[in-house]
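Please find one structure pasted underneath; my questions will follow.
The values are calculated or read from the model by the stated rules, or taken from the named source; none is laboratory data. All values derive from a computational prediction rather than experimental measurement. A quick note on method: Cβ atoms are made from the backbone with ideal geometry, for glycine too, and the neighbour counts reach across all protein chains shown. These accessible areas exclude ligands, DNA and RNA; they are computed on the full protein's heavy atoms, side chains included. Shrake-Rupley method; radii C 1.70, N 1.55, O 1.52, S 1.80 Å.
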Amino acid sequence: MGRADPEEGQLPAPVKPPDGGWGWIVLFGCFVITGFSYAFPKAVSVYFKELMKDFHVGYSDTAWISSIMLAMLYGTGPVCSIMVNQFGCRPVMLIGGLLASSGMILASFTTNIIELYLTAGVLTGLGMALNFQPSLIMLGTYFDKRRPLANGLAAAGSPVFLSSLSPLGQVLLEKFGWRGGFLIMGGLLLNCCTCGAVMRPLDMGMKRKMEKAQDKYEAKEMLPIGGKSEEGISTTDGTKKAKKAKKKPKKGKKLLDFSIFSNRGFIIYTISKFILVLGLFVPPILLVNYAKDTGVPDTEAAFLLSIIGFIDIFARPACGMVAGLKWVRPHVAYLFSFSMLFNGLTDICSARASNYTGLVIFCVFFGISYGMVGALQFEVLMAIVGSQKFSSAIGLVLLIEAFAVLIGPPSAGRLVDALKNYEVIFYLAGSEVVLSALFLAMATYCCLNRGKKKEPPPDKNPSAGGGSDTEEAESDVQEAEEHSSDNHQPAHSTDNAVVVASEEANHVAEEQSGEGGGCPEGDGEVLARDGCNADQMVERDSF
């Protein structure tokens with residue numbers, strides 16, 4: 001995407017993340033958004049029985065509501081990236097909150113299942129997608145050193161909201177029916193607009209003030225005489241304006257940056273994540289039915305998911321704290337690989353669990369490993385592509401994951417219907433997760449770490465377009481200082497030399513204006529779009 005300018009509607013230029021302050025408010029908003037995005041599609045399942053009675057449909061028909069929500073959350077990733085790059089995070093989140101809320105409110109007035117698909121499924125799913133992705137982008141801009149911890153805390157919103165929205169939905173269903181429950185749920189989703197309102201971009205005003213103060217200070221240092229201070233300030237300002245005029249024109253804005261596919265780390269991450277999603281969500285989806293088939297009562301079988309959620313709440317922030325340690329953070333990709341390996345081996349080892357105790361042990365270890373994966377997945381992506389390209393990267397990754405989500409769980413369900421055996425499904429899901437872990441670790445070591453050792457150190461060239469706006473401002477100030485020092489050099493001798501040099505400069509300028517406005521050549525000269533007049537004025541003022 002390159003650097004984006006706020007006045008052009010893109011993301012603000014990179015500023016040093018505060019790692020605190022208003023960032024904690026942004027973190028809380030991201031916590032709420034993550035909770036709604038991941039927990040809401042599962043929480044609406046408490047209304048499915050009533051929907052089946054009213055609309056005379058089967059369970060698979062009502063289950064499509066949650067599936068459409070998740071498909072919109074993952075599949076609209078590129079659309080979200082384009083909107084964020086075009087309009088910014090806050091407006092997109094406000095629109096997303098309105099869409100999510102209006103979808104559930106309209107769903108309370110529907111008369112058939114197709115209308116539910118379009119309102120609760122498509123509209124609400126799109127609204128949550130427009131909230132989820134920008135919230136992660138804002139989290140990455142406000143946190144750098146504490147970013148692993150921030151990602152872990154934000155990811156904890158998923159199990160917290162899942163453990164609260166499902167009981168709340170049951171209470172609303174009993175008191176108000178499914179229509180009243182949908183209406184109230186739509187009102188709750190308006191909190192996404194509140195979360196979007198607090199996602200203010202990092203203020204650029206302070207940086208501009210600091211640059212202006214630095215320019216004035218440098219001008220006073222170059223011209224200590226009081227009468228010449230204002231001339232020095234105007235000279236420096238004119239020099240900076242001339243430098244900006246000299247810069248090449250900006251290219252068109254990239255709404256979706258496909259250049260990230262040239263990043264080998266991003267390719268490795270994407271392939272690994274696709275394989276991971278094929279098997280990651282299968283065990284929790286089939287766990288309750290698996291427990292019932294082994295003779296576990298319904299209430300105790302449902303409690304197994306609560307165990308996973310409870311462990312998950314503490315596993316995500318704890319893993320974020322570990323990932324933020326100085327000796328761990330440079331190797332966070334390997335920690336992510338370990339968490340996936342842990343999760344896959346948990347699935348494989350628990351495939352033969354035949355009693356309730358064995359299933360409880362499985363839920364404890366699965367909750368730990370699942371929380372580790374959830375806390376690290378976006379942290380690793382941010383570390384690979386950086387905050388400036390994260391908006392495009394996450395959109396493309398979610399789109400690719402959408403295909404895996406549509407392939408993995410439905411295929412597992414068909415295999416259960418065909419084989420009538422859950423053991424094979426757990427082996428298969430665990431093997432896919434283990435494969436993704438091994439691929440990420442080996443590819444990272446072989447393709448990235450060894451490649452870094454062979455590659456020469458990068459050439460730090462500000463003109464390459466990789467530096468920040470702060471670095472460009474510093475280079476402009478430095479060049480302006482050199483230019484001013486070159487022009488002021490004759491003035492440092494004596495007052496007579498200043499007078500003689502000024503008269504010579506005026507004489508040369510008059511001769512050139514008479515000859516047709518030719519440009520004087522010399523060191524420290526600044527070219528402007530308006531021709532040589534700007535150069536002559538700068539040179540005169542400098543004397």
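At 1.4 Å probe size, with the rest of the protein present, what percent of the exposed accessible area of region 17-221 is carbon and sulfur atoms?
The computed percentage sits at 68.
Given Cα pairs under 8 Å that are at least 6 residues apart, what percent is the relative contact order of region 17-221?
RCO, region 17-221: 38 percent.
Further question on the same structure: List the pairs from Lys42/Lys145; Lys42/Lys273; Lys175/Lys273; Lys175/Lys420 whose alpha-carbon separation is above 30 Å, in the order I gave them.
Lys42/Lys145; Lys175/Lys273; Lys175/Lys420
Could you report region 17-221's accessible area per residue, 1.4 Å probe, as an integer in Å²?
Here the residues of region 17-221 average 41 Å² of exposed surface.
Next question, about the same structure. Work out, step by step, the length gained on full extension between Leu438 and Leu406: first 0.36 nm times the residue separation, then minus their alpha carbon distance; give nm to one decimal.
So the extension gain works out to 9.2 nm.
Sticking to Cα atoms, compute the Rg of region 257-451 to one decimal and its Dmax as the biggest Cα-Cα distance, whole number, in Å.
Calculated on Cα positions, Rg and Dmax stand at 17.3, 55 Å.
Compute from the Cα atoms of region 17-221 the Rg and the Dmax, the latter being the longest Cα-Cα distance, and quote both in angstrom.
20.2, 83
Evaluate the charge dipole of region 257-451 about its Cα centre and quote only its size in Debye, nearest 20, assuming +1 on the Cβ of each Lys and Arg and -1 on the Cβ of each Asp and Glu.
Result for region 257-451 is approximately 600 debye, rounded to the nearest 20.
Just to verify a number: what accessible area does Arg329 come out at with the full protein assembly present, 1.4 Å probe, Å² rounded to tens?
60
Right, next: Would you work out what percent of the accessible area of region 257-451, with all protein chains in place, is carbon or sulfur (probe 1.4 Å)?
Within region 257-451, the accessible surface is 71 percent carbon and sulfur.
Let me ask something else about it. Hey, got a sec? Which trypsin sites (Lys or Arg not before Pro) in region 269-365 land in a DSSP loop and have at most 15 other Cβ atoms within 10 Å?
Sites meeting the loop and neighbour criteria: Lys326, Arg352.
Once the Cβ-Cβ distance between Ile25 and Phe176 is put in as r, and R0 is 41 Å, what FRET efficiency do you end up with, to the nearest 0.05?
0.80
With labels modelled as points extended 7 Å from the Cα through the Cβ direction, what inter-label distance (nm, one decimal) is found for His331 paired with Val198?
The two pseudo-label positions are separated by 3.6 nm.
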